[in-house]
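Each remark here refers to the structure printed beneath this line.
What follows draws every value from the coordinates through simple rules; no lab data is involved. Quantities reported herein were computed from a predicted structural model and do not represent experimental measurements. Positions of Cβ are backbone-derived with ideal geometry, glycine not excepted, and every protein chain shown enters the neighbour counts.
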Amino acid sequence: MNQRIIRGGLKTRLQSQSIRSKTMQWLSTQKDATSLLFIIIGFAISVYSPLSNAEESNFKFYDTKSPYIRAVLFDIYQEKYTSAIGRLISRRYRNNDKEKLQSELLLAHIYISFRMHDDAEKILNALPKRMPSNETRNKNVLWMDIAKAHFRAGDINAAQDTLYKLDNIVSSKLTREREVFQAQILMSQKKYREAVEELENTRGSSDWAAYARYNLGVTLVRLGNEKRGIKKLKIVSRMDSNEPEMKSLKDKANYTLGYIYLKNKNPDKAKSHLQKIRLNSPLANKALMHLGLVYSEMDNHKQSLAAWLTLSQRDPSDSTVLESMLAVPFAFAELGGFDQAVKNYELGIDAYRIEIKHINKVIQSVKKGHTTNAILEQLIEDGAESLDKSDLLPVTENTKYLLGLYESNEFQEAIKNYKDLRSLENKLKKWTFAIYRVGNMSKTFKKVYVDKIALQQSRLAKAAQEMKKHIKKMALETLQNRKNKLNIYIKQAQFATAQIYDKGHSVNSR
């Protein structure tokens, strides 16, 4: 089993398949003697993917009366997966029909947890086509879990092939989920018209129907059918739900509508949607930036300045806050406060340079292994379960620049692989000590087993080291990209300042 896990972990090609892309827009304004000013706003109308991050499986058993199955479930709840696998395999050919189906489904479920998808697929393919409803449901859930895992790892073709294996008779909730997932696959392949056809079939008021409605709206806008797309997005923006995920989706819909109306020179409607976004929403900073642009479109530059000044006082680890440091002097210049504009451009340049110095220190820390080692070691100490939850990843002065990386599919997959490798290393250490404690085994046999374990430990250590290097590389790329963006901001602030002086607007230049 250990060899299969090692092979399964190493063969996964970690490719970043982030659904959300960013488009850099240059917005420039020149009025009367006002200089040419630049504001960078990064935004793209993007689909919402509830499948991109790891999530809890819907796999469950109902009214389990078998004490044997209950014992296995108890092992799983305690995360004693080795014990659970041992129980399942040892009784594999001694169970009655229903107990055997449950045993095989449980074994496949554990294999998926270890990302041993090939082994899980063999089990699921061998199951009979006709099974009791609960077992059929669980089989479909497991196929969906495998499809999601392939999608997160960037293997779109494998995700599509696996999705075809779901039975036609599935629950309404799983049907909605499959439709959204199928559309997500089509959109990742840029087959937007096919995605629209798939999403048009999604009905009902479930959470998955809401995701489908939002993605349908976005896709219609991308295809140029803004009227229909806006109609779908407005339905999502008016949802009444207390679920955190649905509140986030509602914010996303309002933000997207605000952007569309702003792009179409309809600031009043853009304003009404942007103001509906919650203050504690992850989109709050971006909404505030775009709200400033709305007021600027209305020639209400005092309100623009107020919005951007508020944003500029927030945590600069958010790139939108850094962008606001270019927007504030732009608003001052529009109001005729050219000296204040120059002063704020200079303050922005100073802030960017301080950030660059800090990032350079973090880059050196990552190169030496300090930062990444601290992240990985803290994750290991927090336990196996916490490694699957990005919100529990450590946030410090050095790691705050990596928050975007934490949320990426590639990082999540790398962390899981590293977790598994370290977990297996610890398991092998325990087995080594256990062998030495066996009293009725000869020294020769003990040496044979210990040598075999040592070989596996060597392979695991090498694989873990390679995974750590990969994580370090991702961190360095993230930091370097942020540094490059800051250098661009500095050049634009310097250019805008020079334009003000060249036009003779600054009192200090006279």
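Full extension from Ala374 to Met246: what is 0.36 nm times the residue separation minus their Cα-Cα distance, to one decimal in nm?
Stretched fully, the Ala374-Met246 segment lengthens by 42.7 nm.
Just to verify a number: FRET efficiency for Ala71 and Lys165, C-beta to C-beta distance, R0 = 30 Å, to 0.05?
Calculated value: 0.50.
If each residue's Cβ is checked for other Cβ atoms within 10 Å, how do Met239, Met298 rank with the fewest at the top?
Met298, Met239
What whole number of Å gives the distance from the Cα centroid of segment 314-336 to the Cα centroid of segment 104-145?
Centre-to-centre distance over Cα atoms comes out at 53 Å.
Please go through segment 261-362 and write out the trypsin sites (Lys or Arg not before Pro) that DSSP classes as loop and that have at most 13 other C-beta atoms within 10 Å.
Counting only loop positions with at most 13 other Cβ atoms within 10 Å, the trypsin sites (Lys or Arg not before Pro) in segment 261-362 are Lys265.
Tell me whether segment 222-320 comes out rounded, prolate or oblate; compute the Cα gyration tensor, take square roots of the eigenvalues as a ≥ b ≥ c, and use a/c under 1.5 as the rounded threshold.
Oblate, because a/c is 1.5 or more while a/b does not exceed b/c.
Note down the nm distance, to one decimal, between modelled labels 7 Å out along Cα→Cβ at Ala158 and at Gln313.
5.0
Using a simple spin-label model with points 7 Å from Cα along the Cα→Cβ vector, what separation in nm is obtained for Lys227 and Asp451?
Each label point is offset 7 Å from its Cα along the Cβ direction, giving 8.0 nm.
Using alpha carbon centroids, what distance separates segment 463-488 and segment 280-298, in Å?
30
Take Ser458 and Asn440, extend 7 Å from each Cα along the Cα→Cβ direction, and tell me the distance between the two endpoints in nm.
Distance between the two pseudo-spin positions: 3.3 nm.
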